[in-house]
Amino acid sequence: MALIYDAELKPDKLELVAQWLPLQAWYDGDEVPELTKVGAYRFDDPDGEVGIETLLVRTPDGSVVQVPLTYRAEPLDESGPASLIATMEHSVLGTRYVYDATGDVVYVRALATAILHGTGQADQVKDGQDTPMQPSMTVRSEGSLPGHSVAETDDAAQTLDVESAEIAGETTVIDAGILTVTVQHVLDEIADAEVTAGQARLLGSWPGHDEPVLLAALA
């Protein structure tokens, strides 16, 4: 369960992402774009320490871009592949270190576990309330990894490390040892949703776009 606070953020998330996007090799544009939020989904950190949120935003040319983020109370060791996007002031939690989640092992483990177990996104509950909020989009997983046993992939998902995270076209490909995780950044809204043999995938849809779109894959 993700606990959502009624808080003021400086800068807000769209401002933060807009400043960061033109610096990314997979993004087509060199000016700071005006972004519109399409949807978002979250995963749970089993230790309850790291916020894990993926934003879907629409850019001025109509493209939908997926940006996975992690929010931390303390900075990560700079020797790892994680990339700090910016710091953000949260009126309840204080300073938050915002990372490109594709290099953060907590996100990668949560993503792999969600795909392999079909758990979908975490419920989001506002602080002081009991009823989960209505999600802004739907995510689901499909497919399997026939080359590995269930126990093998389950253990890998929960204990994998991020050995490298490299840009490949409009994706980030994460080498996580036994598993390779591919995160799609620029979303193809007319993607063929048929699963590829030997892959397990995360698919998403949102209001106004009911056809599933590829978000991420394991191989």
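I'd like to verify a number: residues in the range 82-119 that are more than 17 Å from Ile4 (Cβ to Cβ), part of a loop (DSSP other than H, G, I, E, B) and touching a residue at least 60 places away in the same chain (Cβ under 8 Å), how many?
The qualifying residues number 1.
Are there any pairs, at least 6 apart or on different chains, whose C-beta atoms fall under 7 Å, with the first in the range 48-60 and on the phi > 0 side of the Ramachandran plot and the second among the aromatic types (Phe, Trp, Tyr) and at pLDDT 95 or above, and if so, which?
none
From Ile52, Ile4, grab the single residue that is farther than 23 Å from Leu202 by Cα, touching an Asp or Glu at 6+ places or on another chain (Cβ under 8 Å) and either at pLDDT 95 or above or not small (Gly, Ala, Ser) (or both).
Ile4
Just checking, how many residues over the range 25-42 are in contact (Cβ under 8 Å) with a residue 40 or more places away in the chain and surrounded by 18 or more Cβ atoms within 10 Å (Cβ to Cβ)?
So the answer is 6.
Could you count how many residues in the range 88-107 are exposed (fewer than 14 other Cβ atoms within 10 Å of the Cβ) and either modelled with pLDDT of 95 or more or not hydrophobic (A, V, I, L, M, F, W, C) (or both)?
Matching residues across the range 88-107 total 4.
Tell me the residue from Glu152, Glu78 that is at pLDDT below 85, assigned to a helix (DSSP H, G or I) and surrounded by fewer than 18 Cβ atoms within 10 Å (Cβ to Cβ), please. Please lay out each step first, then the result.
Values: Glu78 fails: assigned to a helix (DSSP H, G or I).
Answer to the check: Glu152.
Could you check how many residues of the range 171-185 are surrounded by 17 or more Cβ atoms within 10 Å (Cβ to Cβ) and either part of a loop (DSSP other than H, G, I, E, B) or among the small types (Gly, Ala, Ser) (or both)? So that I can check it myself, show each step before the final result.
Kept after step one, since they are surrounded by 17 or more Cβ atoms within 10 Å (Cβ to Cβ), are these residues of the range 171-185: 171-174, 176, 179, 181-185.
Of the ones still in play, those that are also either part of a loop (DSSP other than H, G, I, E, B) or among the small types (Gly, Ala, Ser) (or both) are 176, 185.
Counting residues in the range 171-185 that are surrounded by 17 or more Cβ atoms within 10 Å (Cβ to Cβ) and either part of a loop (DSSP other than H, G, I, E, B) or among the small types (Gly, Ala, Ser) (or both) gives 2.
Quick test of your reading of the structure: Thr70 fulfils all but one of (1) within 16 Å of Thr172 (Cβ to Cβ); (2) modelled with pLDDT of 95 or more; (3) in contact with a Leu (Cβ under 7 Å, 6 or more places away or on another chain). Name the failing condition by number.
Among (1) within 16 Å of Thr172 (Cβ to Cβ); (2) modelled with pLDDT of 95 or more; (3) in contact with a Leu (Cβ under 7 Å, 6 or more places away or on another chain), Thr70 violates only (3).
The values are calculated or read from the model by the stated rules, or taken from the named source; none is laboratory data. Since the model is a prediction, treat every value here as computed from it, not as a measurement. We place every Cβ from the backbone using ideal geometry, glycine too, and count neighbours over all the protein chains shown.
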